[in-house]
1. Rg to Rh ratio, region 145-240, alpha-carbon atoms and Kirkwood radius?
2. Name the long-range amide H neighbours of residue 95: under 5 Å, sequence gap of 5 or more, or other chain; modelled H, no Pro or chain starts.
3. Need one number: nm distance between label points at residue 231 and residue 563, each 7 Å from Cα along Cα→Cβ, rounded to one decimal.
4. Going by amide H atoms built from the backbone, whose H comes under 5 Å of the H on residue 47, apart from near neighbours?
5. Work out from phi, with θ = phi - 60° and the Karplus expression 6.51 cos²θ - 1.76 cosθ + 1.60, the ³J(HN,Hα) of each residue of region 22-30, listed in order in whole Hz, and give x for Gly and Pro.
6. Per-residue counts of other Cβ atoms within 10 Å, averaged by peptide: what ranking do you get for 271-277, 552-558, highest first?
7. With r as the distance between the Cβ atoms of residue 215 and residue 302 and R0 = 60 Å, compute the FRET efficiency 1/(1 + (r/R0)^6) and round to 0.05.
8. Rank by packing, highest mean first: peptides 245-251, 35-41, 9-15, with packing defined as the count of other Cβ atoms within 10 Å averaged across residues.
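Just so it is clear, none of the values below were taken in a lab; they were calculated from the coordinates. All figures in this text were calculated on a predicted structure; none of them were measured in a lab. Methodologically, a virtual Cβ is constructed for each residue, glycine included, from the backbone with ideal geometry; neighbour enumeration extends over all protein chains shown.
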Amino acid sequence: MSRLLGESAWKAAVACACVLVLFLWQAEFRQRLHALDGAHATLGIVFEGVVDTPVGRATHLLRVHSVVPGSPAAGVLAPGMLVRFARPFDPWRRYQPGEIVTLEAAGSAAPHTLRLAASPSAVPRADAADSMARLLLVLPALGFCMALALKGAQHDAHRALALSFLAMSLNLFISFNYMAPGFLHNAGKLANLACYPLAWYLCVRFTLRYQSYRATAQRLWLERLFPALRVAACACAAYSLWFGAGFEAPGLDWLTLLVAGGGVAMAALSLAEGGRQSTGEIRQRHRWLLLAIMTGAVPALAAAIPGLDAPGPFGLRLAVFCCYAGLLLMYVGLAYGVLRHRVFNFRFAAGRALVYSIVSTLLLCCVGLAEWLAAPLLNDPDSFARRIGIASAAIALLTYLGFHLVHHRLEHWIEKLLFRRWHENEQALRAFVRRAAHITDQDTLLSTFVKALDGFSAGAGAAIYLRTPDGSYRRAASSLTGVPLLLAASAGQLAISRGGAQALQVHGVAGILPNQLVLAISHRGYLDGVVVVGNRPDAESFRPDECALMASAARQIGLDLEALRLEQLERQIDELTREAERQEVAQGLLAGRRQSPRAHETPTLSGQG
């Protein structure tokens, strides 16, 4: 009961936090709409070395790089002067027309206070795209946070990842925003400053607690470094709050970058080492998570390095937009890798993408060749085809026919060249399934099916269990070592209820290891047995098409077993029929022998009488 109450309190707390972030989001979104309608103003000051991180340059003393002519700051400030805003978070805001902004300027003379009225200006294209990207990133982060909080409330790793998503949603306040000065803006920016270093700490916590790992040397080393990262992240968060209170925090930008970089490195090492320990789909899942984290972390760290956020074409900062795109891909990749029951195989996806790329290139070449050949015809105004208006249609038709003439053959040749081993294994298993219908002995059928699965799975091994009258499953053929003689009835119930006609992985069944596949041997809904396929020697997971083919083969073997059973019953019926005929003949002969003496004795008795 206490555990359930704890999970309910956790879900309620995360839901409340998400609602608060959404409240800040809608406040920022409304102010942004007003800014796009013309309610946008600027002071006309460009500062030096301001990068897009939560802390910027980690100082409230900003050096003026240039002043826009005709702006409120023109004639008041000069390049090289140091400026400090009266409100600490004003450098991260876009102002409203006529808003009074108080600054303290220091130059060659004594420091003096300035009160500048922001003048209206058009919203720059880079600012509009930047703010919209950050607004859109909040929604998937909160959605994945709630999904993880509701699904994995009992799992420490899921809790850490949910909190990491929640912290990343506060990136709304990185760089700048359109909110008016006040409590909401200050609270959001303070939360952003404190949560940014903690997000990377939580990410590392997720990777360390994602699975139960063996205590290898690298794993122990990461576990020893983890408390140091926790202390550094908490210290960085506290130092960031000190900076947010208006005090100087020298070195905070580099400390933040160090915590984020250390967190990324530890998370990557943890997932890479966990993937080496894992097999099958769990290894594939580790690869997904590693790719997702690196996709979001590397551009984010690059955008935080001074000098890499310089404006590009149209004033757009390409490094910053790469950062936002990487974060979005990271959110999707992490959520997919954690929430999905199955993840697709990278090698299979890359192979199919390569095939489609080559075929698409062929199509482009066909179109280019057709354009080159048809150029003289189309450019000649006196040509007959152009005069009757069928030139374009004829070229399109010929291109279509020419492409499809070679498309099938070329695609088949490319797949045979790149995926020859896969196709050979597939054809070998299909050939065995066709030959299996001619095998007349059950033991021979099962043993050869095990050998066929061994060849198809690159030596993963297989074990076939047939159902016994008491509902359990007895091993009939096997190439796996260490498998039990009997399986509980629960294995078959799981196979037929959850897998049906598909291959599945079962957990918690005695005798079946994690990541081993279970195939159902069934006929008309009746489960005759199960096939357990072992882990592949290369520790890779089976592709979906491989699982489907093995499941189909198991179903066909089930039909063959049913056919053998029917043939055996027919032979038994024939034997019983012949035995019944022999018994009938024997009974007839015996009855005739009994009647013969009686017929011989009757006249003798009558003669004596």
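1. On the way: Rg = 15.7 Å, Rh = 14.8 Å.
We get a ratio of 1.07 for region 145-240.
2. HN-HN under 5 Å from residue 95: 41.
3. 7.2
4. Amide H neighbours of residue 47, under 5 Å, 5+ apart: 65.
5. So the Karplus estimates, Gly and Pro as x, are 5, 5, 5, 4, 5, 5, 5, 5, 5 Hz.
6. Numbers: 271-277: 19.4, 552-558: 21.1.
Ranked from most to least packed, the peptides come out as 552-558, 271-277.
7. Values: r = 35 Å, r/R0 = 0.58.
So, using R0 = 60 Å, E works out to roughly 0.95.
8. Values: 245-251: 12.7, 35-41: 16.9, 9-15: 14.3.
Highest mean packing first, the order is 35-41, 9-15, 245-251.
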